Structures are given as structure tokens and as C-alpha cells.
Amino acid sequence: MKITILGAGNVATALAIRWQAAEHVVTIGVRNPASEKSQKAQAALPEIQFESMESAVVQADVIVIATPPDAVLELKDLLNAAADKIMIDTTNAVRVRPEPYPTAYHFIKAETKAQHVVKCFNSTGFENMANPVYHGEGIDMFCAGDDVEAKTVAKQLALDAGFSTCWDFGGGDKVELLEKFALSWINLAIMQGFGRDLAFKVVRR
């Protein structure tokens, strides 16, 4: 699968490494591949191609949005031009959001022609994306959205990244709930001081 990740932060890096190891073709799209920040990120990921966002999006089957949530405001034309592709929103509108929308997912659905959109890879810290295995077993991932095809791809990519399973949180009306679920992880790990080395896993009797 050809995956383009928009953004070169911690989440983008962690997912890129996991998917590269699973033999997907991963490209990271950045605003300026020649910038100092991009060059530093590329040095840490020598086996992964860095390109401009415009170039990276053209070749992708799946576009993973790992920018700050309000950055999608400037990506409207880019995402609209790639409206036939599957888009995975990994962002959390905790500090900022793409006004007047509550999440990047809602902005994409309302302001572009994209239909294959899903929220996923937002519910835990990047450390758990880099290594989702605890005591020999993968932790859980979660997704939400209205498009079945996008969810199916996100679930498979979660398994390919090493997660045990990917739970379906529901439709687009559950996207904000999933972001609050992410805030619950942030609360425990950071605000309550339990540390980032913790994760969620659903157990059933």
C-alpha cells in the first residue's frame, strides 16, 4: 500500500517506521523538504522518502494527516484535489481546532469533496505507536467515521503497525467522543502524572 503521511512530527515518525517495517511504501509529505526541520527529520528516517506535500499526495493510496489539527485549514485545496483517496485523521483538537469546526475530520468532511475519511491513530501517545506491545501483546487502537472502506483500511494498518485490534467507535458522530477518549489518555499519562508508558486495552469476559 502506498501511504503518504502529511507532517513529520513524533506521530508521523512512529507510524512511518512501523508501516515501513510492514513493507508498505511510505512517503512523508512536508511543506519544504529542504528546510532545516525537514532535513533533521529525514536524517532520522534514512529509508523513508521525504517530498513536498503536493508531490507526496499524488502518489498515495492513503493519506494520513499527522499535522496540528488547525493546519488542515491551509490544506483544503490539496485534500480536495485528492478527494478520491482514503484519508486518516490522526489529530486531536485539544489546544487548537480548525475553526469553526470541532475537529479536523469535520473540516475535511464539510470543506472538501473527500468521502473516504476516518479518525484513527489519535487515542494514545506516539511512544505507543512506536512500540504498541505490552507484556508480549499488542494494545488496542480505535477508529470512528462514516465510511466503511476507510475504516477497513485503518483497521488493517493498525494491525500492520502491531496493534492487537482496532475497535470501531461508531460513525462520524462519535469522532468527538474518540478525541475525548484521547484526552483521557492525556489526562492519565500527563496531567495525572502516571507517565506516557501506559495504554488502553479492551477486555471481555
Long-range neighbours under 6 Å by Cβ, at least six apart or interchain, first residue over 22 Å from residue 102 (Cα atoms) and modelled with pLDDT of 95 or more within region 180-192, second part of a helix (DSSP H, G or I) and among the aromatic types (Phe, Trp, Tyr)
none
For residue 92, state whether it is farther than 13 Å from residue 5 by Cα and either of a type in the set (Asp, Glu) or within 13 Å of the chain's Cα centre (by Cα) (or both).
yes
Tally time: how many residues in region 112-158 are part of a helix (DSSP H, G or I) and touching a residue at least 12 places away in the same chain (Cβ under 8 Å)?
13
Answer yes if at least one residue in region 167-175 is over 18 Å from residue 109 (Cα atoms) and part of a helix (DSSP H, G or I), and no otherwise.
no
Taking only region 94-110 into account, find how many residues are of a type in the set (Gly, Ala, Ser), free of Cβ contacts under 8 Å to residues at least 24 places away in the same chain and within 12 Å of residue 68 (Cβ to Cβ).
0
Of the residues that sit in region 86-125 and are of a type in the set (Gly, Ala, Ser) and closer than 18 Å to residue 182 by Cα, which one is surrounded by the fewest Cβ atoms within 10 Å (Cβ to Cβ)?
125
Count - residues of region 60-83 that are in a loop (DSSP other than H, G, I, E, B) and more than 15 Å from residue 151 (Cα to Cα):
6
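Residue-by-condition table, conditions (1) within 17 Å of residue 184 (Cβ to Cβ); (2) of a type outside the set (Asp, Glu):
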{"position": "84", "(1), (2)": "no, no"}
{"position": "101", "(1), (2)": "no, yes"}
{"position": "108", "(1), (2)": "no, yes"}
{"position": "120", "(1), (2)": "yes, yes"}
{"position": "155", "(1), (2)": "no, yes"}
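The values are calculated or read from the model by the stated rules, or taken from the named source; none is laboratory data. As the structure is a prediction and not an experimental result, all values here were calculated from the model. Counting neighbours? That spans all protein chains shown, and the Cβs are built from the backbone with ideal geometry, glycine included.
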